[in-house]
Amino acid sequence: MRANNVLATHALSTHALSTGALASLVVVTAAAATIVGPAAAPFGRASVASPQAGTKPGAEPRTLPAPARTVRAARTAPVRGPAGVRAKAAYLFDESAKRTMWSRHPATRLPIGSTTKVMTALIVIRHGQLNRKITIKRRYIDYAISHGGSRAGLRAGDRITTGQLLYAMLLPSGCDAAAALADVYGPGRVSFVRAMNRMAAKVGMKRTHYANFDGTPWPTPTSGYSTARDMVTLGRYALRNPTLREIVHHSRHVLPAGAGHHRYVWRTTNALLRYDPGVIGIKTGYTKTAGYCSLFAARSHGRELIGVVLNSSRTNQQARVTDAIKLLNWGFDH
């Protein structure tokens, strides 16, 4: 990275995310903010990285030298929220203390993209029968293609268990897997979406409406919506379910070839998992209207924080990772 692209650096206090000495650098560029840092190291007590601008999706970030540790002066002014968060709406909740830490436009209704699939998964898990085998139909694949949705690469004719399809839906954000689950567990897509909205009302998501089961922009780009506050309510509810909690913590899942199905390798869309072992998950989302979104959670020193960023950017997918790390670093520092 050229020196003239570096605009600012930021060092955290000794109360940052978790033990260990992750040394990275917050770099904000004119184009967009992205993150660098050792993927295996924990969030450190020194500083945490923001991704480099221009990093290609899936590309390994370049490691920068660790900045000198700085000593923060004693605060004399009221504590402010995290600096530099770009999301149109955001929310950070301390699950351990049961308190809201910070929010931006918490009640503004916005499209949420594939974070919709968290509710889809909860409806399926509630039904149980995770060993039930589902035959993948061609129409599930065609549905994902016709709506421009992300896919898990499912093959027509394969018979795959519900539990495996949850991985296919939540990691690579497979709309083909979501279509299969909604069709079988509705039964039918219309009934399934009704169940999603009933569940939303039950858990207290008062300003949320699901128009479909996967977050794709139909019938219109804004037919389905939620708020930052409601999304954190969903995240809190979802993480109480051990099955979902286990799935979203995986960065990769392999289904070996077996009787009735091909081999599959599913990788998560959640880049945040690469930056710290304390990150739990949960789910990313994107449409052109929703922008890049992330519902996330992390643990450190016995504390668990849950947060969301909605529309961090419409063009730079790393912006949601940058925003999430800024929120988590600030949250564990306060």
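The values are calculated or read from the model by the stated rules, or taken from the named source; none is laboratory data. In this text, all values refer to a predicted model and were calculated from it rather than measured experimentally. All Cβ positions, even for glycine, are placed from backbone atoms using ideal geometry, and neighbour counts span all protein chains on display. Areas reflect the complete protein model, heavy atoms only, side chains present, ligands, DNA and RNA absent. Shrake-Rupley method; radii C 1.70, N 1.55, O 1.52, S 1.80 Å.
For region 117-253, what D do you get in µm² per second when you plug the Kirkwood radius from alpha-carbon pairs into Stokes-Einstein at 4 °C and 1.567 mPa s?
Reported coefficient: 87 µm²/s.
7 Å from Cα along Cα→Cβ at both ARG207 and THR100: what's the point-to-point distance in nm?
0.9 nm
Hey, any idea what % of region 77-193's accessible area is carbon plus sulfur with a 1.4 Å probe?
49 percent
Holding the Cα-Cα limit at 19 Å, pick out from LYS88/LYS326; LYS98/LYS283; LYS137/LYS283; LYS117/LYS283; LYS206/LYS283 the pairs that are longer than that.
In this structure, LYS98/LYS283; LYS137/LYS283; LYS206/LYS283 lie more than 19 Å apart at Cα.
State in Å² the accessible area per residue of region 169-323; use a 1.4 Å probe, count heavy atoms of protein chains only, and round to the nearest integer.
Accessible area per residue, region 169-323: 36 Å².
Going out from 0 in 5 Å bins, what whole percent of all Cα-Cα distances in region 167-315 drops into each bin?
Bins of 5 Å from zero give 2, 9, 15, 21, 23, 16, 9, 4, 1 percent of pairs.
Take each of the peptides 116-123, 174-181, average the number of other beta-carbon atoms within 10 Å over its residues, and list them starting from the highest.
Most protected by this proxy first, the peptides run 174-181, 116-123.
Each residue of region 232-241 in order: what ³J(HN,Hα) in whole Hz does its phi give by Karplus 6.51 cos²θ - 1.76 cosθ + 1.60, θ = phi - 60°, with x for Gly and Pro?
With the stated coefficients, region 232-241 comes to 5, 4, 5, x, 4, 5, 5, 6, 7, 8 Hz.
What percentage of the solvent-accessible surface of region 211-334, computed with a 1.4 Å probe over protein heavy atoms, is contributed by carbon and sulfur atoms?
Ligands and nucleic acids excluded, carbon and sulfur give 53 percent.
Compare the peptides 126-134, 98-106 by average per-residue count of other Cβ atoms within 10 angstrom and give them in order, highest first.
Ranked from most to least packed, the peptides come out as 98-106, 126-134.
Take peptides 259-272, 300-313 and line them up by average Cβ neighbours within 10 Å, highest first, as a rough protection proxy.
Ranking the peptides 259-272, 300-313 by packing returns 300-313, 259-272.
Name the residues of region 191-213 whose amide N is less than 15 Å from a point 7 angstrom out from the Cα of SER146 along the C-beta direction?
213
Check the straight Cα-Cα distances from LYS202 and name the aspartates and glutamates below 15 Å, setting aside those fewer than 8 residues away within the same chain.
Candidates past the 8-residue exclusion: ASP230.
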